[in-house]
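These notes concern the structure reproduced below.
Just so you know, all these numbers are worked out from the coordinates, no wet-lab data involved. Here the structure is a predicted model, which is why all the values come from computation and not from measurement. When we count neighbours, we look across all protein chains shown, and the Cβ atoms used for this are built from the backbone with ideal geometry, even at glycine.
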């Protein structure tokens, strides 16, 4: 049986406190759900989302040292047809305005998410 994962790439270079990181990751999950609920996904992506929901809704949080990594992973995710959303913070608390804090990816089959981000460390 294929496993499915959602990935939440959190920038480690911004100095966010743990609660801020969690809130930003939550925004990423919400953004992906909004795409699903609004019918913005392809049929394949919708099927991945539904399989992910049926099989435990695994969410993996990984850290990245820079915004540049977001860009590299986003290009590859687009090539692999993986849903994604970028969280941009308003800058009211811990980070400067318009800081890109989280890149949320998936859900997608684990073999695809591993190809995208298997070399990043867990949070």
- Message: Counting only helical runs of four or more DSSP H residues, what would the 222 nm mean residue ellipticity of the chain come to if each run contributes -39,500 (n - 2.57) and the total is spread over all its residues?
- Response: -13500 deg cm²/dmol
- Rounded to whole Å and sorted largest first, what semi-axes of the equivalent ellipsoid does the C-alpha gyration tensor of the range 28-91 yield via the square root of 5 times each eigenvalue? 22, 14, 13
- Message: Beyond 16 Å, how much of the Cα-Cα pair distribution for the range 4-117 remains, as a whole percent?
- Response: 55 percent
- Query: What order do you get for 54, 11, 63 when you list them from fewest to most C-beta neighbours inside 10 Å?
  - Reply: 54, 63, 11
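Which value, to two decimals, describes the C-alpha radius of gyration of the range 1-57 once divided by 2.2 N^0.38 Å?
Ratio of Cα Rg to 2.2 N^0.38 Å: 1.32.
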- Item | Gaussian network model of the chain, Cα within-10 Å springs - most flexible of 43, 53, 67 | 43
- Task: Treating the angle as unsigned and between 0 and 90°, give the value, to the nearest 10°, between the Cα long axis of helix 18-37 and the longest Cα principal axis of the chain.
- Result: 40 degrees
- Item | Candidates 78, 35, 45: whichever shows maximal mean-square fluctuation once the chain is modelled as a Gaussian network with Cα springs under 10 Å | 78
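Only counting other Cβ atoms within 10 Å, I'd like 120, 33 sorted with the fewest neighbours first.
Neighbour counts put them in this order, fewest first: 33, 120.
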